[in-house]
Structure formats: C-alpha cells, structure tokens
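So the structure is just underneath, and the comments pick up after that.
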Amino acid sequence: MTAVTVRVPAKVNVQLAVGGRRADGFHDLANVFLAVGLYDHVTATPADRLTITGEGRDIASVPLDESNLAAKAALALAAHAGVAPDVHLHIAKDIPVAGGMAGGSADGAAALLACDALWGLHTPAERLLELAGELGSDVPFPLLGGAALGVGRGELLTPLEVGGGFHWVFAVADGGLSTPAVYGECDRLRRARGTGDGVADVPAPEADPALLAALADGDAEALAAALSNDLQEAALSLRPDLAHTIERGLGAGALAGIVSGSGPTVAFLTADAQGSAKVAAELGACARVAEAPAGAAAVLAQP
C-alpha cells in the first residue's frame, strides 16, 4: 500500500453542559456532538521516519511537528501495535483552526484510521476509540460521526438518533481561542458569582431531553430552542466582539446562534438552505455553510 487518505468531519456542540472543576483540572461534561460537512483530509504514506506537512486554510497556524495531534496519533498507534512510526502525514485543512470545531482532534482521528490502514493493523474499532480518547476529549467523536453524547471528559460516547438534516452557517472569527483559557474563564466567572467552581459547587451535567428529542425528530425549530453552551459566557468574556456576530446572524433570520464549543466560531442554525444563504450573505467572507449530520471519518483512497 502506497497511500491512504482519510476524510474527517468537523463538529458543532449543540449542547455543552460543563460540570465543576475536578481535582485533575478537567470538567465532567454532557457534550452533544453533531458532525457537520466541513472536512479535513489526512494522507499517510510510507517514510523513513515520522514527518508531517500541510496545506490549506489557516495552515500557518498548525504545528507541523510531533505536537500535532495527527503525529501523536501515529505515535500512539505505533506504540500500541509494536511497529515503527515510519510515516509521512499530509494534512489538507478546511476545518477552521482553533475555532471550536475540533479541527485538530479531527486530524488526530483521521491519522489513526489512515495509519491503521497503511500499516495493515486492522485494529478493532473499540480499541481505536480508546486510543483516541487517550489523545484528547474530542478525538473519538469523528470516528463515529453523526451525533453522539459524550460524557466523562467528553470522550465516552453514545451514538444518538438523528431524524433529519440540519442547515448551519459558521462564522469563523479572526484568531483563535485557547480551550484551556476558556475553561479557566468559565471557572473564574463561577467563582466571581460566588457559586464556586468545584464539583461540589456545580450541578452534575446532564443531556437535555428536549434537545435529544429535537435531534431524533429532525426538528430544526425545536433544536434551535434547546441549543446551549455553558462555555459561551466565558468565550464572550474573552471575545466580546462575538456578541455582535451573534446579533447579525439572528438579524438575518437564523433560528438560533451559539458559540461552537470553546469558540470563537459562532454556529447559526437555519430553517433551510435558503435561510443559510441569507445568513451567509449577511456575515460575508467569514461565513461557511454546511449541513449535518455528516458521516464518520472514512478512508477515501487505498491503492
């Protein structure tokens, strides 16, 4: 085998319920993922050693060394299988970088699949999910696609039923937001309100039954009414300009607008393709239109 290319989707969090800060610094989550049709492509080819290159959207902001999650994925899989991590990984970026859409995590998931196929390992899907979870909280979901509820740190996944398609517009902000910084600001705001930020101070996160029903029914209006993100206040605190973006999208007719994950991308749910086109026209060059749910990361080429 000379090359394997994997296409991997972005995600939007239609619910992100954040529990209190644990002793290990993480937070328990009820994280409802929805895969959307914006994709990165990761190609694995044989090499004398692990190398990584890239192209495409915001590639200048992507580390092309062993700190990249794709490289970490290759190293983790090689260690698990007892093989040398001799592979060249090429990442073609289209998912926004540091935008709350799990682009880096998607590349990690894609690298797991691509290297597994290139090296002929046939690793069971359950083990790939475990390796993905060890790499990061958002890495497992692209291996499932569709929709899923993530608990624990978000890495423990249960697939969810989706009864129809949903139309989205993503307003990609200039610059990124650090996920640890957003969680830290969430904790700070909780302390500032006097409620505390620990596990004993914050209700345990739970999935919203109304939101799960809206997904299962394919009901865009019901989903719009149920969207929630406990990190949105913190993201807006760090990037107040995002509030204006939300106002513009809602003014153009979006059913709802929400910060995606830790931000700074803002996700707008619309009633149909025409609604998406109208919102995208209002937002201008920063807008990306996509439909959901998208499928799981998948091998496209296996010569």
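Values quoted throughout were computed directly from the atomic coordinates according to the rules given, and no laboratory measurement underlies them. For clarity, every value in this text was computed on a predicted model and none was experimentally measured. Here Cβ is always computed from backbone atoms with ideal geometry, including for glycine, and neighbour counts include all displayed protein chains.
Cα to Cα, under 19 Å, and not fewer than 8 places away if on the same chain: which lysines meet these conditions relative to LYS93?
LYS93 reaches LYS11, LYS72.
Please list, by residue number, everything in the stretch 15-35 whose backbone N is under 16 Å from a paramagnetic label point 7 Å out along Cα→Cβ of ALA204.
The answer is 17-23, 27-31, whose backbone nitrogens lie closer than 16 Å to the label point.
Among 138-150, 1-13, 258-270, what's the highest-first ranking by average C-beta atoms within 10 angstrom per residue?
On the way: 138-150: 25.1, 1-13: 23.4, 258-270: 27.5.
Going from most to least packed, we get 258-270, 138-150, 1-13.
Using the Cα atoms of the chain to build a convex hull, what is its mean projected area in square nanometres? Intermediate values should be presented prior to the final figure.
On the way: hull surface 60.1 nm².
Mean orientational projected area (the chain, Cα hull): 15.0 nm².
Would you kindly state how much longer the chain becomes between ILE59 and ALA222 on full extension, computed as 0.36 nm times their sequence separation minus their alpha carbon distance, in nm to one decimal? Before the final figure, lay out each step's value.
Details: separation 163, 0.36 × 163 = 58.68 nm, distance 3.66 nm.
Gain in length upon complete extension: 55.0 nm.
Quick one: in the stretch 172-272, what % of C-alpha pairs are over 23 Å apart?
Details: 1802 of 5050 pairs.
So the portion of pairs separated by more than 23 Å is 36 percent.
Computed FRET efficiency, Cβ-Cβ of ARG127 and SER237, R0 30 Å: what is it to the nearest 0.05? Don't skip to the end; give the middle numbers.
On the way: r = 40 Å, r/R0 = 1.32.
Approximately 0.15, to the nearest 0.05.
Starting from the 7 Å offset along Cα-to-Cβ, what nm value, one decimal, do you get for the label separation of ASP94 and VAL299?
It is 2.2 nm.
How far is it, in nm, from the label point at GLU66 to the one at ALA192 when both lie 7 Å from their Cα along the line to the Cβ?
Spacing of the two 7 Å Cα→Cβ label points: 4.0 nm.
On a C-alpha basis, how far is the centre of the stretch 156-178 from the centre of the stretch 190-251 in Å? Whole number, if you could?
About 13 Å separates the Cα centre of the stretch 156-178 from the one of the stretch 190-251.
Treating the angle as unsigned and between 0 and 90°, give the value, to the nearest 10°, between the Cα long axis of helix 125-135 and the longest Cα principal axis of the chain.
Once rounded, one gets 70 degrees.
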